[in-house]
Structures are given as C-alpha cells and as structure tokens.
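So the structure is just underneath, and the comments pick up after that.
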Amino acid sequence: MSDSFKAVLISRDEAGTQRVEVVELTPDELMDGDVDVALEATTINYKDGLAITGKSPVVRRWPMIPGVDFAGTVIASRNPDWMPGDRVVLNGWGVGETHYGAFAGRARVKGDWLIRLPEAFSPRQAMAIGTAGYTAMLCVLALERFGCSPDQGPVVVTGAAGGVGSVAVALLSKLGWHVIASTGRPDEAGFLSDLGAAEIIDRAELSAPGKPLGKERWAAGVDAVGSHTLANVLAQTRRDGAVACCGLAQGMDLPASVAPFILRGVALLGVDSVMLPRERREAAWRRLATDLDPQKLAALTTEIGFDDIPGAARAIVDGHVRGRIVVGLDRMAGDA
Ligand code: NDP
C-alpha cells in the first residue's frame, strides 16, 4: 500500500446532500489518463470554493476530487510528450469538475492537458499564480490584442483584493498602467498600493444598479465580478475602450444596456481559461515569467496545508481570502 495517497473527496447522497471527506486512495482508483503526476502544490480558486461548498454546480461527476490546478513531477507516462521526472503544470480542462483533480497526492490526466513548468517558477510559485493569475494574464493579453495601452488612460480592476484582481493589479502596474483598484475591503488599501494600485475605489460605487452611460473614467477594465459591477464598469469606460470579463463574484447576470457599445464603441472581451488551447496557455505563462514581479507574487500569497483546504474553500466563497493561496502537497504525497 506504499503507493496510496490522501485525497479530498466530495460525494452526494440520494437526497443531494453533499459530503466532503479526506480518503485514502490507490493509483488504480484514479480515472483514465496517460500521465501520472506526483503533486507538489495546488491552490484554492473561487471555483474550488464553489465545488467544496456546493454553492454552484461546478462538480458534474460524482464522487469527485476537487482542485482545478496543480504543479508536480511526472512519475509514469504513456504519452510521448512526457517522461518521468518532467515538471508540469495543469490549469483547468475540467479537472476537479468532471475528472479527478488536484486536492490529492497524485493525479492521472491526459498529457495534452499539461504544460511544462516554466523555468522562471517553482511549483509553489506556479500555484501562487494558478488559474486565477493565469486568467489575470489572459485578461491583460485580451486588452493588448484589442489595442489597449497605458497611454490611453487608466485601467480599472474589480475584485481587486481577490486572486484574479490582485495579480491583475501587479501585472498592469508593472506594464505602466495607472491602475484603479475597486475593492470592498478598505483595510486592504495598503496591500493594493504595494502591488501597484495608483487609486483605490470603494466597490459600492459600482455594485448597485446604475445608469446606461456615466462619466468616462477609464480606458480599460479587468472585471472578475460581473453583474451590476460589470454593467457600471462598461458605462464608465471611455470611447473605444475595452473591458475584459472573466468572473462572476457578484453574479452571473449582466444587467447592462447597449449604450456603451453603440454610443462609445466600447468592447466587451470574454476570457475563458479552462479550455484554452495549449499554445495560448504557454504564451500566457511566458508573459507571466517576464511581467509578474516575483516579490509582488510572494506578497500576495499565503501558504496553507492539505488539512486546511475545506476551510479555505469556504473563506474564498465568503470573499475573505486576500490574494492567492498555495497548498503544499509534497509533504503528504504518497505518505499514507
Ligand atoms: P476571489 O474570491 O479571490 O476574488 C473575488 C473578489 O471579488 C473578492 O475578493 C472581492 O474582492 C470581490 N467580490 C466578492 N463578492 C463580491 C460581491 N458580491 N460584489 C462585488 N465584489 C465581490 O476569486 P478569484 O479572483 O479567484 O476569481 C474571481 C472570479 O473570476 C470568480 O467568479 C471566478 O469564478 C472567476 N474566474 C474565471 C476564470 C475564467 O476562466 N473565466 C478563471 C478564474 C477565475 P474585494 O474584496 O476586493 O472587493
């Protein structure tokens, strides 16, 4: 049984009541895949919080090991792209939703889902970035692809003290943007200024129903919040500006009008990290290696242990997590 490992397992009874427990599994209980990875680190994303609390239907196959991101070392491969000893990163692809995920000592996945761990990062740093940070980079790339640049005016970042938001603030300030950070946590003003925010605004300015068009305040936006917040961000975006939309922390709805689009030429750029092709993932990770200050990454990261995962999952859904969380797995991988 020396191959056995611990895993967080979510299951559901016939009444639909969800149960979260730590179990011990053996490799033959993992789902199909052509690469086995010993996991060194993972992280808690908002989506993992939704999965563990059951607040939204993230899990679509029962039972499930949650966890959408991991970094680790290949221990067995039947895929020509990978061999034992390779250090890899996985973000998304339905892992932790329909395929056993990252809150475990070991994972078996499709080799096509993996990318090589960028040389610039340790496994823990890669997980400090995780899906949230890589999505922040995708938002920046979406704005750049549209033609947005810092000389056009400020950029607003919503949900700024959260995972996507804090990495977006760090990235955009390094790239020369005047960053306006919108947060509901005034106590985090110092944290956000240290990451590079030039101005902090209260998220209450954006979270209530607003007018179809408002004063033009920013040339671009990164929105992790959705709902009225995104509607107000769009209504206050300058002529020909753009907003990258990636999240729904306030809600999945978008109670907006067409006014910003047809009267100011504002563009709404959708960002999905989960099913992005490998080349675009690798491009985003290359940019993270050059554009994310490692000291700022360290400043926005907190490390927890495997046993802390359920509590952290509840905290992120309640909006109490600052920045990013790394979960060290190397001490428990295969130790059962
Ligand atoms: P976090 O919980 O770390 O951050 C979300 C932040 O949103 C909070 O910290 C808070 O920021 C703000 N917020 C929370 N609740 C509300 C509310 N009711 N009204 C207004 N603001 C609120 O999550 P992540 O940063 O990891 O993820 C953010 C969003 O992005 C999530 O919806 C997630 O599902 C989505 N996402 C989407 C991806 C994609 O591929 N499209 C990939 C990754 C994430 P503050 O305290 O500063 O106000």
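The values are calculated or read from the model by the stated rules, or taken from the named source; none is laboratory data. These numbers were taken from a predicted model, which means no experiment stands behind them. Neighbour counts are summed over all protein chains in view; Cβ atoms, including those assigned to glycine, are modelled from backbone coordinates with ideal geometry. Ligands, DNA and RNA are excluded from the accessible area calculation, which covers all protein heavy atoms including side chains. Shrake-Rupley method; radii C 1.70, N 1.55, O 1.52, S 1.80 Å.
What to note about this one:
- Of the residues Val258, Val326, Val321, Val266, the single one that is among the aliphatic types (A, V, I, L, M) and under 19 Å from Gly92 (Cβ atoms) is Val326.
- Residue match in the range 69-84 (condition: among the charged types (D, E, K, R) and assigned to a strand (DSSP E or B)): yes
- Boolean, Ser193 is closer than 22 Å to Arg286 by Cα, part of a helix (DSSP H, G or I) and either open to solvent by less than 30 Å² (accessible area, probe 1.4 Å) or free of Cβ contacts under 8 Å to residues at least 24 places away in the same chain (or both): no
- Single residue of Val58, Val89 found to be modelled with pLDDT under 95, in contact with a helix residue (DSSP H, G or I) (Cβ under 8 Å, 6 or more places away or on another chain) and either surrounded by 14 or more Cβ atoms within 10 Å (Cβ to Cβ) or aliphatic (A, V, I, L, M) (or both): Val58
- Residues that are open to solvent by 10 Å² or more (accessible area, probe 1.4 Å) and either in a strand (DSSP E or B) or among the hydrophobic types (A, V, I, L, M, F, W, C) (or both), drawn from the range 92-107: Trp93, His99, Arg106
- Elements of the type helices (runs of 4 or more DSSP H) sitting completely within the range 207-305 and holding at least 1 residues that are more than 16 Å from the ligand (Cβ to nearest atom) and touching a residue at least 40 places away in the same chain (Cβ under 8 Å): these cover 259-264, 278-291, 294-299.
- Pairs with Cβ under 6 Å, 6+ apart, first in the range 152-164 and open to solvent by less than 20 Å² (accessible area, probe 1.4 Å) and within 6 Å of the ligand (Cβ to nearest atom), second of a type outside the set (A, V, I, L, M) and in a helix (DSSP H, G or I): Ala161/Glu188
- Scanning the range 310-321 for residues that are touching a residue at least 24 places away in the same chain (Cβ under 8 Å), within 15 Å of the ligand (Cβ to nearest atom) and assigned to a helix (DSSP H, G or I) returns Ala312, Ala313, Arg314, Ala315, Ile316, Val317.
- Among the residues making up the range 191-248, those that are touching a His at 6+ places or on another chain (Cβ under 8 Å) and more than 26 Å from Ala299 (Cβ to Cβ) are Ser207, Ala208, Pro209, Gly210.
- Matching residues in the range 71-104 - criterion: being in contact (Cβ under 8 Å) with a residue 60 or more places away in the chain and hydrophobic (A, V, I, L, M, F, W, C): Val89, Trp93, Ala102, Phe103, Ala104
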